[in-house]
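The values are calculated or read from the model by the stated rules, or taken from the named source; none is laboratory data. It should be emphasised that the depicted structure is a prediction, and the values quoted were computed from it without experimental measurement. As a convention, Cβ positions derive from the backbone with ideal geometry for all residues, glycine included, and neighbour counts pool all protein chains shown. These area figures cover heavy atoms from the full protein model, side chains too; ligands, DNA and RNA do not enter into them. Shrake-Rupley method; radii C 1.70, N 1.55, O 1.52, S 1.80 Å.
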Amino acid sequence: MTHFLRPARRLLSILSLLAFAGVSHAVSVHGTVTDTLGVPIVGAVVALVHNGKVVVSVQTGYDGSYTLVSADSGRFYVLASGHSFRQLQTQSFFGQTLDDVEQNVVLEPEWVRQSVVVTATGVPEPQAQTSGSVTEIGAERYENRMDINDALRQIPGLDVVQTGERGGETSLFIRGGNSTANRVVLDGVPVEDIGGRFDFTNVATTGLESVEAYRGPNSVLYGSDAAAGVVAFTTPRGSTQFPSLLYEGDAGSFGTYRNQVQLAGMKRKLDYYGGFSSLKTLNSLPLDEYHDNTGVVNLGWSWSAQTEVRITARNSDSATGLNAANGGYSFNGIPNDGEQLDQDAYGSGTITHAFRDNLHGVVRYGLARKREESEQWYPAGNLIAGNYYGDNVTVTGANGYSVTGQALMNYGTADGAVYPYKLALDSNRDDLFAQMNYVHGPHLAVIAGFRFDDERGLESEPAYVFHEALERGNYDYQAQVGGEFRNRLFYTAAGNVEKNALFGTVGSPRVGGSYYLVRPGKGARGTKLDFNFARGYQEPTLDQQFGSLYAFLAANGGAATAKQYGITPIGAELSRTYDGGLEQSLFSEKVTVRATYFHNEFGTQTEGVPAFAVPTLLPNLTAAQQQTLLSFLNNNFAYELDLNSMSYRAQGAEAEVEYGLGKNIFMRGGYTYLDAVVQKSFSSDNLECSVTGTPMPCENPNIPGVPIGVYSPLVGARPFRRPPHMGFTDVIYTGKKWSGVVDAAYASRSDDSTYLGGDDVNFGNTLLLPNRNLDYGYTKIDLGASYQIKPWLAAYTQLNNLTSNQHIGPIGYPSLPFNFETGMRFTLSLGRKQ
């Protein structure tokens, strides 16, 4: 923990230094230099840099403190280094006459790759003092890449699932949690859709300084949607006294072209960053083109040394082919004719103020404007008995089972389908956040915060004169205490209460602690124990609220059925987790080994009841009326209706090792074991194939005796698309001329469904495959390299999927085979001699 000088002592120090130097107007910079455990570092060299030059330097005292005084004013940063520690440069800051600026510095051992993280506690904290499982990925990990997907695969506990090739929807499952159970924040602002859905494929690497992933519920700090984890993106800031211009242009296989330009710098009180990129690719499948244009801005203004105002904005416009509306391309053999457009705009305005060295405040307004629009121009497929079907194909699962047939692609106009068909989904959020941080010595730090979320959603289908909208106003209050004892025990205890407009008041606690049995040092010294407990909650998505089974039954004479089965209004999904781990340093901190056990319980999870089972829940309807209702649901793409009825357990273990081999090579490897099992399911217990008249699981008549979950996993089975075994390896080389990254991701087979219940030419189930181990396991190996030709010119290449594995995505969605991009990078310092 940071140690603070008393104000009177600091003032006396400043005055004496001014008198000694004979300076009448000056800026004073003070603080402490500590190691990652908060132990003061004596004799560390601390320098104040202005306009690229060191203006003054000192050594820290016995308590790690320092004071630097300069007659200059403008932009500064602090450089600090110590014996066996890596040199560190702070963020730039503005100082002018008589300003007193605090800059505390945490130095890392020379070989260790740990960071200052924020997702665990909401304030910057050395990773060594954090009990939660947090991993930060810096820009060097994705320097040559177009999106962030593969970098996320290099984090333990994270399962990245992309449905198709570049531009295909990409979901993230953290420690077995659902893909909607993750809070995604950009510069502190929530940016996921209402209810947690987030497509990572449209996050270009342009304008990303770092990515941080927290594994475990953290609803205390982030409210709803942080039921399984948090992913935080950070936008770069300008850091040079002159404008720096970076341009990259590359081209590659499958008609891929990308251009990227970035401009950054500082001018007295202003720091600025702007970036823009344009990506176009044809992909390898027909009608599967994808393009994305991304623009990013980050402007900071130092009102004074204590107050900063910052504005950020990010916009992404992308489009991709629908390729296959019902299932993946492999299920149909021909592409659908249509396009999906995504327009994502995010922004924030933040004011931070230091009332005193130990009292800081922040107020932030954030917005997210997300619009997804899909359009199909005509019913692609082969016309059979009034509907349109794909080609006759054979689909084989990783479990060895195969099916052959033609899958329903589009309904015919005789059944009420309308073309061209357009579906629009809007998800808008305005977020107001305020927080105060108070530090009372090393043993106690208090955080209190408030958040108000105004969420507005819309689903529109003009062809069916369908238009539904919602608005939720959510209030969230949070408090947290933390601290340390003897630089050995670090603790956090927190809680929050949220009043959600949909499901009412809910609260969540979180406690965590780290204890160093042996402090890091030479040899095998450095043994850390971690423990965490937390609860989280998740609000439903737009589709889940609009498609509530309870609301549908209540509006169509099914109130008695809802009462009979205990069907309730759509509400919150709940989670609970505890984890414990061990971290060990070896070979004088050149090697770090971590192992963590986690146990998660996910309750009242939302699951879908198949559309073909819904009419049987309305016994007052005749057979003809039931068929009419089924056609109506299918034509409106309501293939299922939702309720909170599933619960499952997800426990497992993570292991990770990091090794710094000299100053140029850094290696990482990790493995995750996940044991997830469904404990309760309404569809599985009651209705999965009740269209037959008897509650029973579905079966493929050609595979008798094997129960199959169509939209939801069966009780006792694994949740879909969550492999029990995952791993990664990562090697980074950084030299004077050459640099490169070799990384690989691994996953075992996972359970899934073809989702083709009732979709063969006879409206039967012959296209269903057993869920167990349906998705293929995979190994994905990538190589990136850069060569510095001149100080201002570099060449780079990125080779992806070296083994050309096309089973990286779920069944039905072929992955992009081996592909590459090669380009040039130009760096110019405008106004400075090259």
* Size of charge dipole - the chain - debye, nearest 20, with Cβ of Lys, Arg +1 and Asp, Glu -1, no other charges -> 3340
* In whole percent, what relative contact order does the range 531-580 give with Cα contacts below 8 Å and a gap of six or more residues? -> 63
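Using the C-alpha gyration tensor of the range 795-834, what are the square roots of 5 times its eigenvalues, in whole angstrom, with the largest one first?
Rounded to whole Å, the semi-axes are 38, 11, 5.
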* Computed label-point distance, nm, for sites S210 and K680 using a 7 Å Cα→Cβ extension -> 4.1
* lysines whose Cα lies under 27 Å from that of K590, excluding same-chain neighbours fewer than 8 positions away -> K522, K528, K663, K736, K737
* **Gyration tensor verdict on the range 218-340 (Cα atoms; rounded if a/c is under 1.5, prolate if a/b is larger than b/c, oblate otherwise)** => oblate
* **Residue-by-residue Karplus 3J(HN,Hα) for the range 311-319, coefficients 6.51, -1.76, 1.60, Hz, glycine and proline x** => 10, 10, 8, 9, 9, 10, 10, 9, 8
* Asked: At what distance in nm do the modelled label points of R488 and Q306 sit from each other, each positioned 7 Å from its Cα along Cα→Cβ?
  -> 3.8
* Structure fact -> Taking 134-142, 164-172 and ranking on average Cβ neighbours within 10 Å, highest first, one gets 164-172, 134-142
* **HN-Hα J in Hz across the range 194-202 - Karplus 6.51, -1.76, 1.60, θ = phi - 60°, x for Gly and Pro** => 4, x, x, 5, 8, 9, 6, 5, 8
* Taking a cut-off of 15 Å between Cα atoms, list the aspartates and glutamates near K269, but don't count ones fewer than 8 places away on the same chain. => D72, D99, E308
* Asked: Which number comes out as Rg/Rh for the chain once both Rg and the Kirkwood Rh are worked out on C-alpha atoms?
  -> 0.99
* Structure fact -> Once normalised by the length of the chain, the mean sequence separation of its alpha carbon contacts under 8 Å that are 6 or more apart gives a contact order in percent of 10
* Structure fact -> Taking only the Cα positions of the range 100-148, the convex hull volume per residue in Å³ is 144
* **Length gained when the stretch Y378-E143 is fully extended (0.36 nm per residue, less Cα-Cα span)** => 80.5 nm
* To do: Would you mind checking the tilt of helix 7-21 against the longest principal axis of the Cα atoms of the chain, expressed as 0 to 90 degrees and rounded to 10?
  => 50
* **Accessible carbon and sulfur surface of the range 176-272 relative to its total accessible area, %, 1.4 Å** => 58
* To do: Select from A493, G523, S508 the residue farthest towards the positive end of the dipole of the range 491-538; place +1 on Cβ of Lys and Arg, -1 on Cβ of Asp and Glu, and compute about the Cα centre.
  => G523
* Residue-averaged [θ]222 nm for the chain, counting only DSSP H segments that reach four residues, each worth -39500 (n - 2.57) -> -2000 deg cm²/dmol
